[in-house]
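Shown next, in structure tokens, is the structure this report addresses.
The values are calculated or read from the model by the stated rules, or taken from the named source; none is laboratory data. Here the structure is a predicted model, which is why all the values come from computation and not from measurement. Because the Cβ atoms are built from the backbone with ideal geometry, glycine has one as well, and the counts that use them run over all protein chains shown. Areas reflect the complete protein model, heavy atoms only, side chains present, ligands, DNA and RNA absent. Shrake-Rupley method; radii C 1.70, N 1.55, O 1.52, S 1.80 Å.
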Amino acid sequence: MQEGIQVSNLNIYYGDFLAVENVNVGIEPRSITALIGPSGCGKSTFLRSLNRMHEVIPGAYSKGSVIIDGEDIYAEGVDPVRVREHVGMVFQRPNPFPTMSIADNVLAGLKLNNRKISKSDAEQVVEESLRGANLWDEVKDRLDRPGSSLSGGQQQRLCIARAIAVKPNVLLMDEPCSALDPISTLAIEDLMQELQKDYTIVIVTHNMQQAARVSNKTGFFNIEGTGKPGHLVEYDDTEKMFSNPSKKETEDYVSGRFG
Ligand SMILES: Nc1ncnc2c1ncn2[C@@H]1O[C@H](COP(=O)(O)OP(=O)(O)OP(=O)(O)O)[C@@H](O)[C@H]1O
Ligand SMILES: [Mg+2]
């Protein structure tokens, strides 16, 4: 089995509108990929096509292939719910269930997938996942308090704990720090470095310093104009993308000479 993510000839549509055109990219397992590019170029759309969240939008579909850890996630008969267990997602705004307890928030993904677990197993999953998300020490004495009683940065780490509780192999994060203060942002970035040992991570960010700090690889998406599809201009080692990219477009964007 080939680990990691192989995307070939991927075209992503909203109805008649081709939003992202012909993406071809290979993402290594246990690496962090940052996706950058101007607003509307299709970063979120592309990210959502990696765990079949895109097709949840009415009329939305994609063509091409996405092979994740050896499995073509768009092959006939593949259950999207199972794909999403394998490929977890964290969103821009922390979205814990506000009235649900911290512990139940961690378990929410498992319960959603109808897995029955014993009380002691549940306790273990809660502790493991919160430790994995670097949140355990801050919340271990108040696991029965509501998710909404946490700070924004803690809520985002709670969402990461919820995502890793189902034991995915891949974590997709769409601007996970954009609603957070610098300290919480650093906490999430440290956490990503930790998680990289076990997970393949793809993160969308508008923060160039963040992309340069946390990722091994960077993908630059761009768009020619409104109504045109976005496309992946270049994908390479982050160091190279920020110091000596192959395409002028990339250089203009990363050096801030864009537009
Ligand atoms: N639900 C939707 N229905 C129809 N079109 C959509 C939908 N979501 C996004 N689009 C369109 O698809 C294109 C890509 O949008 P997308 O949200 O993927 O961009 P993005 O790169 O993530 O932008 P941003 O940096 O602002 O988050 C845009 O033209 C957008 O208007
Ligand atoms: Mg987006």
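Here are some notes:
- Projected over all directions and averaged, the alpha-carbon convex hull of region 136-254 occupies 9.2 nm².
- Here the gap between A179 and S65, fully extended at 0.36 nm per residue and compared with their Cα-Cα distance, gives a gain of 37.8 nm.
- Mean accessible surface per residue for the chain, computed with a 1.4 Å probe while every protein chain stays in place, in Å²: 47 Å²
- Straight-distance crosslink candidates among lysines, where the alpha carbon sits under 23 Å from K248 and sequence neighbours closer than 8 are dropped: K43, K217, K228, K240
- Using just its DSSP H runs of length 4 or more, each adding -39500 (n - 2.57), the chain gives a mean residue ellipticity at 222 nm of -10000 deg cm²/dmol after division by all residues.
- Net +/- balance of residues flanking G109 in space, Cβ distance below 13 Å, scoring K and R +1, D and E -1: +4
- Taking the C-alpha atoms only, the angle from helix 152-165 to the longest principal axis of the chain is near 90 degrees.
- In straight-distance terms, cross-link reach from K140 covers every one of the lysines whose alpha-carbon lies under 20 Å from its own, apart from those fewer than eight places away in the same chain; here that gives K119.
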